[in-house]
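The values are calculated or read from the model by the stated rules, or taken from the named source; none is laboratory data. It should be emphasised that the depicted structure is a prediction, and the values quoted were computed from it without experimental measurement. Note that we place each Cβ from the backbone using ideal geometry, even for glycine, and neighbour counts take in every protein chain shown.
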Amino acid sequence: MRILAKLKRKMGFEDREKLEKRGALLLFQTELINIIGLETEDSEVLKQIDFVEDFKESEKGVILFNETLLKIGIQHLHEVGLLGAGIYISILDSGIFLQDLGLKYSVALHKDFTGEGLQDEVPHGTIISKLIQSIAPESSMLIGKIVNRFGEVDEIAVFQGLEWSYQNKAHLVNLSLGFSRKCQGDCWLCQYVDALVDNGVHVVSAAGNWGPEKGSISCPGNANKAITIGASEDGKIANYSSRGFASQEKPDLLAPGSLSIGKFKIIGTSISTPIITGTLASLFSKYQDKEWVIKSVKQSCKDLGYSKSEQGQGLLNIPMLLEVLEK
């Protein structure tokens, strides 16, 4: 059984020994927040450990494999030399096709958190990676495989992948996946994402495909400091794109949610998310003030006439964005 536990304080060496004596294997630990990941046959033993405040079973999330790309104007970024050079993007997904040499040469580092090896069996991660590469071709990718061959992602694996991204100094993390739960940014995963952003790692997360229900945004898209991406379709908000609570200005913005590959069409916020990740990577390669860049991306969006809890700031508008940045 895989367990996430919230601690009353930082865990020391003796505390770790206490866990091991009770048959709990430590899987995840970070200096940023008092959350750990464990594997144990009996979670009840955690009630006997004085420094454990609370615990829960690590949930299973789903990859958000669905819609957005046809026309976003990436040529305007390339025309002015915004190609993502020097930017490290962590793509936490289902791995990549190792046979794809075009991707392989962009990979600076990789790690498997599933025990299956890096090969992409879904092939969700490969599509996400190629989409980011097409927008920011000179960026470097950190490939963390956290989605297994069944399309499942364990919550502890997300924590592990995010910590790995932080330790390896990623500028951006792409999460085209999420956990469907009612949260307003206060779950442990969202708290951890906020801590990562505070420490310089910008997390771009899919809003989810559970729209049009209000309050349907997935975690960690609910994190206050995550850049949460919804999907558009034909210039309107996609019906499936998850909405925030009425009091919530989430998602942060929209991007096209459909991608055509030959005769196949893929739709969903999984596709919208790497469009924003790649765009930010391209801009980060020139502009040092990343907070200003993110603010400019949001300010330049096209208002589609929906509420902030449906569209955020609106639809990505690259031509207007470049005008704003050059003022």
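Output the helices (runs of 4 or more DSSP H) that fall wholly within region 120-207 and possess 1 or more residues being among the basic types (Lys, Arg), or say none.
Of the helices (runs of 4 or more DSSP H) lying wholly inside region 120-207, those with at least 1 residues that are among the basic types (Lys, Arg) span 124-135.
Would you mind finding the one in 36, 49 that is more than 30 Å from residue 267 (Cα to Cα), under 20 Å from the mean Cα position of the chain (by Cα), not assigned by TED's automatic domain parsing to the domain that holds residue 174 and not small (Gly, Ala, Ser)?
36
Can you tell me which of (1) surrounded by 15 or more Cβ atoms within 10 Å (Cβ to Cβ); (2) more than 17 Å from residue 136 (Cα to Cα); (3) not β-branched (Val, Ile, Thr) is the one residue 77 doesn't meet?
With (1) surrounded by 15 or more Cβ atoms within 10 Å (Cβ to Cβ); (2) more than 17 Å from residue 136 (Cα to Cα); (3) not β-branched (Val, Ile, Thr) applied to residue 77, the lone miss is (2).
Could you list, in sequence order, all residues of region 97-116 that are without any contact (Cβ under 8 Å) to a residue 24 or more places away in the chain, in a loop (DSSP other than H, G, I, E, B) and either in contact with a Ser or Thr (Cβ under 7 Å, 6 or more places away or on another chain) or not hydroxyl-bearing (Ser, Thr, Tyr) (or both)?
Correct list: 98, 99, 115.
From the residues in region 285-321 that are within 26 Å of residue 130 (Cβ to Cβ) and in contact with a Lys or Arg (Cβ under 6 Å, 6 or more places away or on another chain), which one is surrounded by the fewest Cβ atoms within 10 Å (Cβ to Cβ)?
Taking the candidates together, the pick is 317.
Pull up region 208-238, narrow it to residues that are of a type in the set (D, E, K, R) and not in a loop (DSSP other than H, G, I, E, B), then point me to the one that is modelled with the lowest pLDDT.
233
Just the residues that are surrounded by 18 or more Cβ atoms within 10 Å (Cβ to Cβ) and of a type in the set (A, V, I, L, M), please, taken from region 206-246.
206, 207, 217, 223, 226, 227, 229, 231, 237, 238
Being surrounded by 19 or more Cβ atoms within 10 Å (Cβ to Cβ) and hydrophobic (A, V, I, L, M, F, W, C) is the filter; apply it to region 56-73 and report the residue that is modelled with the highest pLDDT.
72
Among the candidates 140, 165, single out the residue that is in contact (Cβ under 8 Å) with a residue 60 or more places away in the chain and not aromatic (Phe, Trp, Tyr).
That would be 165, the only listed residue that is in contact (Cβ under 8 Å) with a residue 60 or more places away in the chain and not aromatic (Phe, Trp, Tyr).
Considering only residues that are under 20 Å from residue 267 (Cα atoms) and either modelled with pLDDT of 95 or more or among the aliphatic types (A, V, I, L, M) (or both), which ones fall in region 101-124?
122
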